[in-house]
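The values are calculated or read from the model by the stated rules, or taken from the named source; none is laboratory data. These figures come from a predicted structure and were not determined experimentally. In this analysis, Cβ positions are derived from the backbone assuming ideal geometry, glycine residues included, and neighbour counts consider all displayed protein chains. Surface accessibility is based on the protein's heavy atoms, side chains included, excluding ligands, DNA and RNA. Shrake-Rupley method; radii C 1.70, N 1.55, O 1.52, S 1.80 Å.
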Amino acid sequence: MRKLYVWDPLVRLFHWALVAGLVLNMFVTDPGKTAHRWLGYGVLLLIGLRLIWGLVGPRFARFRSFPPDPVAALGHATEIATGRVHVHEGHSPLGALMVYNLLASCVIIGLTGWMLTTLTWFGVEWVEDLHKAFVTWVQLSAVLHIAAVIFESRRLRVNLPKSMVTGYKWLP
Ligand code: HEM
Ligand code: HEM
C-alpha cells in the first residue's frame, strides 16, 4: 500500500463547509429569510474560492488534473462493469463529472436565490421554480454521490470518505 496526500486543507474545508451550508439551507433555515440568504451567499463564496483554488491550488485540487472527460468516464464505467480494480489518485473520471455538476448546480441555486431578492425577479414564478428544481437536483445528485463514494470504497477497498477528512488516500 502507498500513502498519497491528495486533498489539501482548503479542499477538505470547502467540502465539509459546503455540505453543512447546503444541509442547513435545505432543512433548517427559513426559506428566503436573512439566515437563509447569508448562508446561501456563504455557499457562493465557498464555490468562488474553490474555483480560484482550482486554478492556482496544489496538483490534485486543480481542474486540470480532473477535466470533464466523457471518454475517460466511459473508461471508468467499463472498469466498474468488468471488475477492474484501478484506484485513481485524485478524482476519478466519473467523480469529476459529479463535482462539476454539483458546483454548477449550487451556483444556479445561489444565483436564482439572489434573483428572488431583487425588484425585477421578486415573486417571479419561474425563478422560484428554478431555485426549487435545482435544490431537488442537488439532493438527488448528493444521494448518488454518496452512494458512489460508498460503492467505490468497498469495491476498491480504499476508504474514500476518510481521505476527505485526513487528506490521505491509501493506494494498492
Ligand atoms: C445555495 C444554497 C441554497 C439552498 C440549498 C437553498 C434552498 C432553498 C429551499 C429548500 C427553499 C424552499 C423551497 C420550497 O419552498 O420548496 C428555498 C427558498 C428560497 N430561497 Fe433559497 N437556497 C439557497 C440559497 C439562497 C440564496 C443565496 C438566496 C437569496 C439571497 C435564497 C433565497 C430564497 C428565497 C427568497 C426563497 C423563497 C422562495 C419561495 O417563495 O418559495 N436562497 N431555498
Ligand atoms: C450535500 C452533500 C455533498 C455534496 C454537495 C458534496 C460535494 C462534493 C464536491 C463538490 C466534491 C469535490 C471536492 C473538490 O474537489 O473540491 C466532493 C468530493 C468528495 N466527496 Fe462529497 N459531497 C457531499 C457529501 C459527501 C459525503 C456525505 C461524503 C462521505 C461519505 C462525501 C465524500 C466525498 C469524497 C470521498 C470526495 C472525493 C471523491 C474522490 O475521491 O474523487 N461527500 N464532494
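Scanning region 87-118 for residues that are without any contact (Cβ under 8 Å) to a residue 60 or more places away in the chain, surrounded by fewer than 16 Cβ atoms within 10 Å (Cβ to Cβ) and not in a helix (DSSP H, G or I) gives a single hit, Thr118. Among the residues of region 128-143, write down those that are surrounded by fewer than 18 Cβ atoms within 10 Å (Cβ to Cβ), of a type outside the set (S, T, N, Q) and in contact with a helix residue (DSSP H, G or I) (Cβ under 7 Å, 6 or more places away or on another chain). Answer for region 128-143, where residues must be surrounded by fewer than 18 Cβ atoms within 10 Å (Cβ to Cβ), of a type outside the set (S, T, N, Q) and in contact with a helix residue (DSSP H, G or I) (Cβ under 7 Å, 6 or more places away or on another chain): just Trp137.
Checking each residue in region 21-36 for being part of a helix (DSSP H, G or I) and surrounded by 14 or more Cβ atoms within 10 Å (Cβ to Cβ) picks out Gly21, Leu22, Leu24, Asn25, Met26, His36.
Set side by side, the residues Thr120, Thr166 differ, and just one is more than 10 Å from ligand 1 (Cβ to nearest atom), at pLDDT 95 or above, within 23 Å of Phe14 (Cβ to Cβ) and of a type in the set (Ser, Thr, Tyr), which is Thr166. Under the condition of being of a type outside the set (Gly, Ala, Ser) and in contact (Cβ under 8 Å) with a residue 60 or more places away in the chain, the residues counted in region 37-56 number 5.
Only one of the listed residues (His91, His86) is farther than 19 Å from Phe134 by Cβ and in contact with an Asp or Glu (Cβ under 9 Å, 6 or more places away or on another chain). That residue is His86. Do we have Trp16 as part of a helix (DSSP H, G or I), within 11 Å of ligand 2 (Cβ to nearest atom), open to solvent by 70 Å² or more (accessible area, probe 1.4 Å) and of a type in the set (Phe, Trp, Tyr) here? In short, yes.
The selection criterion, being open to solvent by 40 Å² or more (accessible area, probe 1.4 Å) and within 11 Å of ligand 2 (Cβ to nearest atom), does not hold for Ala81. If you go through region 94-114 and keep only what is within 9 Å of ligand 2 (Cβ to nearest atom) and either β-branched (Val, Ile, Thr) or in contact with a strand residue (DSSP E or B) (Cβ under 9 Å, 6 or more places away or on another chain) (or both), you end up with just Val99.
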